[in-house]
Protein chains: 2
Amino acid sequence: MVERISDAEHEIMEVLWKRSPLTATEVADQVVDQKGWSLQTVKTLLSRLAAKTVVGTQRDGRRFLYSPLVERDHYLAGVSRKFVDRLFGGKISPLVAHLAEADELSAEDISEIEELLRELKS
Amino acid sequence: MVERISDAEHEIMEVLWKRSPLTATEVADQVVDQKGWSLQTVKTLLSRLAAKTVVGTQRDGRRFLYSPLVERDHYLAGVSRKFVDRLFGGKISPLVAHLAEADELSAEDISEIEELLRELKS
DNA sequence: TTTAATCGACTACGGTTGTAAACAGTAGAT
DNA sequence: ATCTACTGTTTACAACCGTAGTCGATTAAA
């Protein structure tokens, strides 16, 4: 089971999943402006992620290089499962139905999903 | 925007969405065994939900009757949106793809979703 | 009418989260 | 050799969460 990752921590993970290893400052450069966080905040989040052993650290002189230790796919699969279980009794069709009802599905979404399903069946 | 509802609170909401209004004890009867909570815990959760104005209270003698003030559909739509936004860049097809890859989609799920999409397009 | 059961309100308390300041070590500049 | 800038570490702190004990009021029972 993958450790729980909070919302703010998840932002950091996304950065590292895009490219790694990175220093704290490099990570910060990609989120500070967008999220309005301070460098200190980013460092705290990185430490917490490291403590949870969901990112790994590698010394590079006086600083650390951070890299994800869990794969994005693996993590997403886990949280998706939990989400669908908790809110939709484990079935994804009600979720699709909900998004559909709320007009959250674009024509593009629809064709993409159809394509996916076609592949699945073949 | 609907107030944030925590996991434990959500359990309570599900009970109230099924039937309402209910007294605290009645709500508790439906979750205490299953979740291993005490009656006090249920009362606390109900109070917090009431404080968030996501359930309403109606005096009935010395006790309260609790009812949901937000519709389940509305709430689910909101959290689904947030979830898909945060983890999948707002697009649901990657979510479907994930569940599919993890073999989480049964043949039944697939046909249900196809049916949904057919309806959408008509 | 005294008592026992029941209600909601208030209090508690350790853990997590978001957000960061303060601090201490160190490498590089002067 | 000193100072400065940059690192990670430690500490902070309020809000939220899970989980519940306690307390004062009230009602139903005896």
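State, as an integer percentage, the relative contact order of chain A based on alpha-carbon contacts under 8 Å between residues 6 or more apart.
With pairs under 8 Å counted, the relative contact order is 21 percent.
List the accessible area buried at the contact between B and A, summed over both sides and calculated with a 1.4 Å probe, in Å² to the nearest 100.
In total, this chain pair buries about 3800 Å².
Pick out, in residue order, every one of the GluC sites (Glu not before Pro) in region A:69-122 that is DSSP loop and has at most 15 other C-beta atoms within 10 Å; say none if there are none.
Qualifying residues, ordered by number: A:Glu71.
Where along chain B is the Cβ that lies nearest the axis linking it to chain A, and how many Å separate them?
Whole-Å result, nearest residue of chain B to the axis: B:Phe83, 3.
Can you give the direction-averaged projected area of the convex hull of the alpha-carbon atoms in region B:72-121, in nm²? Intermediate results must be reported in sequence, preceding the final value.
Details: hull surface 16.5 nm².
Mean projected area of the Cα convex hull: 4.1 nm².
Mind checking region B:1-66 for GluC sites (Glu not before Pro) that DSSP puts in a loop (not H, G, I, E or B) and that have at most 14 other Cβ atoms within 10 Å?
In loop regions of region B:1-66 (DSSP not H, G, I, E or B), the sparsely surrounded GluC sites (Glu not before Pro) are B:Glu3.
Let me confirm one metric for peptide A:72-78, namely the mean number of other chain beta-carbon atoms within 10 Å of its residues' beta-carbons.
That works out to 3 on average.
Mean shadow of the protein assembly as shown, computed from the convex hull of its alpha carbons, in nm²?
With every direction weighted equally, the projected area is 16.7 nm².
Longer than 23 Å from Cα to Cα, which of A:Lys91/B:Lys91; A:Lys35/B:Lys82; B:Lys35/B:Lys82 are they? Say none if no pair is.
Values: A:Lys91/B:Lys91 18 Å; A:Lys35/B:Lys82 17 Å; B:Lys35/B:Lys82 27 Å.
In this structure, B:Lys35/B:Lys82 lie more than 23 Å apart at Cα.
Around A:Thr23, which amide H atoms from residues at least 5 apart in sequence, or from another chain, sit under 5 Å from its own amide H, with H modelled in the peptide plane?
A:Tyr66
In region B:7-68, what is the volume of the convex hull around the alpha carbon atoms, normalised per residue and reported in Å³?
71
Not counting ligands, DNA or RNA, and with a 1.4 Å probe, what is B:Lys43's accessible surface area in Å² rounded to the nearest 10?
Counting only protein heavy atoms, B:Lys43 exposes about 80 Å² to solvent.
How big is the Rg/Rh ratio for chain B, C-alpha atoms only, Rh by Kirkwood, two decimals?
1.09
Can you give the FRET efficiency to the nearest 0.05 for B:Arg62 and B:Asp33, using r as the Cβ-Cβ distance and R₀ = 25 Å? Display every interim value, and only then the final one.
On the way: r = 25 Å, r/R0 = 1.01.
My answer for the efficiency is 0.50.
The values are calculated or read from the model by the stated rules, or taken from the named source; none is laboratory data. What you see is a predicted model; the values in this text were computed from it and never measured. Using ideal geometry, Cβ is built from the backbone for each residue, glycine included, and neighbour counts are taken over all protein chains shown. Note: accessible area is taken over every heavy atom of the protein model, side chains too, but ligands, DNA and RNA are not part of it. Shrake-Rupley method; radii C 1.70, N 1.55, O 1.52, S 1.80 Å.
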